[in-house]
Each structure stands twice: as C-alpha cells, then as structure tokens.
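Participant: Mind having a look at this structure? Questions to follow.
The values are calculated or read from the model by the stated rules, or taken from the named source; none is laboratory data. Values in this document were obtained by computation on a predicted structure and should not be read as measured data. Here Cβ is always computed from backbone atoms with ideal geometry, including for glycine, and neighbour counts include all displayed protein chains.
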Amino acid sequence: MDQANIDRIANSFGAQSMMETLGAQLSEVSEGLVRITAPILEGTRQQQGFGHAGLTFSIGDSAAGYAALTMLPMDQEVVTAEIKINLLAPARGDLLIATGRVIKPGKRLVVVTSEVHAELDGKQTLVAILQGTMVPVAN
C-alpha cells in the first residue's frame, strides 16, 4: 500500500471529531486492514463502569470503514450502509482495540467485519464483532 493512500486515511480519520472526542487513534493501516485504539475514558463508560457499547460500536464501525477505504481508488470515500454488532463480553479494561477487515471488496458494495478487544493488564478479551456493508462514494 502506498504512502499517499495511508496519508488519505490518516487525514480522513483526523477530520472525524467523534474519534477525537473518544480519544481514538489510528494505530495500523494496511491493505484491507485498519486498527483503531481508544482508551476507556471516564466519559465513555456505562453505568457498571465498563466501556460503553457506543464506544465499541463507534471504533468498530470506523475501523471497518477505513479498511474498506484502503481498497478503493483515491477519488472515493465510503459510508456505512448497514452494520450489525454482537456484544460478547463486558468491555473491561483500559483500552479498546478495533481491527477492521475487508471480507469482499467491490465497486458498489464492500463487505467488512471488525473485531473489538478490551485490553486489561496486557491481556486482550474479544468483546464484540461487527459485520457490515460499506458503499463507495465520490469525494
């Protein structure tokens, strides 16, 4: 994957104020794969103290969308057409790690998935899986 494509994704990610609000960071970009991390901040917890499902969904959706974008021409962006989440375990820890992957690239639809892990004391636990469809759109 060339540097121009990596820069495009980093610039697009940097323009997402939601990711900034969540403290999320782009940690890996390669063809068909994007990893995003986010701390479980005091303001992103649910009533029992775990990371909120909204945080999990937000970074999982973005990781999947940016994974799709790695497979598209430079003059395109993506939007989420639909995405489903299965919450598997409480998001206990200090950090969430979302890894988005392309399952099937396409010109009109890109099928994607994302796994979200919570990290506590160096141990990672799978807390959610997402599957969805991204739609390429013109810049």
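The rows are residues; the columns are (1) surrounded by fewer than 21 Cβ atoms within 10 Å (Cβ to Cβ); (2) in contact with a Ser or Thr (Cβ under 6 Å, 6 or more places away or on another chain).
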position	(1), (2)
ILE103	yes, yes
GLY106	yes, no
ALA118	no, yes
GLY122	yes, no
LEU126	yes, no
LEU130	no, yes
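Participant: May I pose another question? What tally of residues in the range 40-53 results from selecting those that are assigned to a helix (DSSP H, G or I) and either surrounded by 11 or more Cβ atoms within 10 Å (Cβ to Cβ) or among the acidic types (Asp, Glu) (or both)? Please lay out each step first, then the result.
Facilitator: The first filter runs over the range 40-53 and keeps only residues assigned to a helix (DSSP H, G or I), leaving 42-44, 53.
Add one more test, that the residue is either surrounded by 11 or more Cβ atoms within 10 Å (Cβ to Cβ) or among the acidic types (Asp, Glu) (or both), and what stays is 42, 44, 53.
Residues that pass the stated criteria total 3.
Participant: Which pairs turn up if I take residues in the range 111-139 that are at pLDDT below 95 and look for partners that are surrounded by 16 or more Cβ atoms within 10 Å (Cβ to Cβ) and not small (Gly, Ala, Ser) with beta carbon separation below 6 Å, at least 6 apart in sequence or on another chain?
Facilitator: Filtered contacts from the range 111-139: ASN139/GLU77.
Participant: What is the residue count in the range 37-71 for residues that are small (Gly, Ala, Ser) and touching a Lys or Arg at 6+ places or on another chain (Cβ under 8 Å)? Give the steps one after another, and end with the answer.
Facilitator: So the first thing to find is which residues in the range 37-71 are small (Gly, Ala, Ser), and the list is 38, 43, 49, 51, 53-54, 58, 60, 62-65, 67-68.
When the remaining residues are screened for being touching a Lys or Arg at 6+ places or on another chain (Cβ under 8 Å), the result is 51, 63-64, 67.
The total comes to 4.
Participant: Do we find that GLY60 is in a helix (DSSP H, G or I) and more than 16 Å from SER12 (Cβ to Cβ) in this structure?
Facilitator: Considered against the rule, which asks whether it is in a helix (DSSP H, G or I) and more than 16 Å from SER12 (Cβ to Cβ), GLY60 comes out as yes.
Participant: For the range 13-39, enumerate the residues that are part of a helix (DSSP H, G or I) and within 18 Å of VAL102 (Cα to Cα). Lay out the reasoning, then the answer.
Facilitator: Here is the first cut: in the range 13-39, the ones part of a helix (DSSP H, G or I) are 13-14, 17-22.
Once the filter is applied, which keeps residues that are part of a helix (DSSP H, G or I) and within 18 Å of VAL102 (Cα to Cα), the range 13-39 yields only PHE13.
Participant: If I ask for residues that are surrounded by fewer than 21 Cβ atoms within 10 Å (Cβ to Cβ) and either touching a residue at least 60 places away in the same chain (Cβ under 8 Å) or part of a strand (DSSP E or B) (or both), which ones from the range 79-93 would you list?
Facilitator: Residues satisfying the conditions are VAL79, THR80, ALA81, GLU82, ILE83, LYS84, ILE85, ASN86, LEU87.
Participant: Further question on the same structure: Since ALA98 meets every condition but one in (1) surrounded by 15 or more Cβ atoms within 10 Å (Cβ to Cβ); (2) part of a loop (DSSP other than H, G, I, E, B), which condition does it not meet?
Facilitator: Just one mismatch for ALA98, condition (2).
Participant: Picking from SER12, SER27, which residue would you name as being hydroxyl-bearing (Ser, Thr, Tyr) and within 16 Å of MET134 (Cβ to Cβ)?
Facilitator: SER12
Participant: What are the residues in the range 48-94 that are over 12 Å from the mean Cα position of the chain (by Cα) and within 27 Å of ALA4 (Cβ to Cβ), if any?
Facilitator: THR70, MET71, LEU72, PRO73, MET74, ASP75, GLN76, GLU77, VAL78, VAL79, ALA81, listed by residue number.
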